[in-house]
Structure formats: structure tokens, C-alpha cells
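Single-structure report; data block below.
The values are calculated or read from the model by the stated rules, or taken from the named source; none is laboratory data. None of these values were measured; they are calculated from a predicted model. Note: accessible area is taken over every heavy atom of the protein model, side chains too, but ligands, DNA and RNA are not part of it. Shrake-Rupley method; radii C 1.70, N 1.55, O 1.52, S 1.80 Å.
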Amino acid sequence: MPGAGLVGSGLGGCYDSPVSDVTTPAPPPFEAALVRASEELGFPSYYQSCVRPLLRNPEGRWPRCCGGGCEPCAQTLIQVALRTLELMGTPRQAPLPD
């Protein structure tokens, strides 16, 4: 049968099915909380990658504001990270540096 099994042949070939055995990995559990925290605080999504290291080490040392007008400011990153952890139900336990 000509065209049998060809992609898009419309003849019921193996490749006509939209089903894939490749699954998309689930996003990390903090991803939705990070998006929500960013939206709540007006934090641009393109800076979210700067917050992720803080979430990977929530009780570790975090950066401090240097007062130099950096964008994004470390204080803003901390605010977003703290809100993200709060939304996840795992607030930071270690005190923040002065």
C-alpha cells in the first residue's frame, strides 16, 4: 500500500498518532511559588534565575545589599526568595544578615 506508515499520510501509520512516549519532566516544586511570589512583588520573570540559588540553599548565607544600585538588588532577591519559601510552607529559619 503506497504511503502506509508515512508521517501525516492519513492512512493510520505509526507516525500519524500524536502520542509520544517522551514525557516532559515536572517542574521543581518551588517553580509555581516562585512565579507567584514574583508576580506579587512585581519582580520581572527574567530575573527569577537569580533567586533560584537562594531557594536551593534556603538556610545558607545569602547576599547583602551593597548600596551600589545593582539591578536586581540583593534585597529584592531576598524578598522574592522569602515570599517563595513562605508560599511553599517552608519559611527560612536562619536569621538574615544585618
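Work out from phi, with θ = phi - 60° and the Karplus expression 6.51 cos²θ - 1.76 cosθ + 1.60, the ³J(HN,Hα) of each residue of segment 85-93, listed in order in whole Hz, and give x for Gly and Pro.
Ordered by residue, 3J(HN,Hα) equals 4, 4, 5, 7, x, 10, x, 4, 9 Hz.
Could you tell me what percent of the accessible area of segment 30-88 is made up of carbon and sulfur, with a 1.4 Å probe and every protein chain present?
Carbon-and-sulfur percentage of accessible area, whole number: 51.
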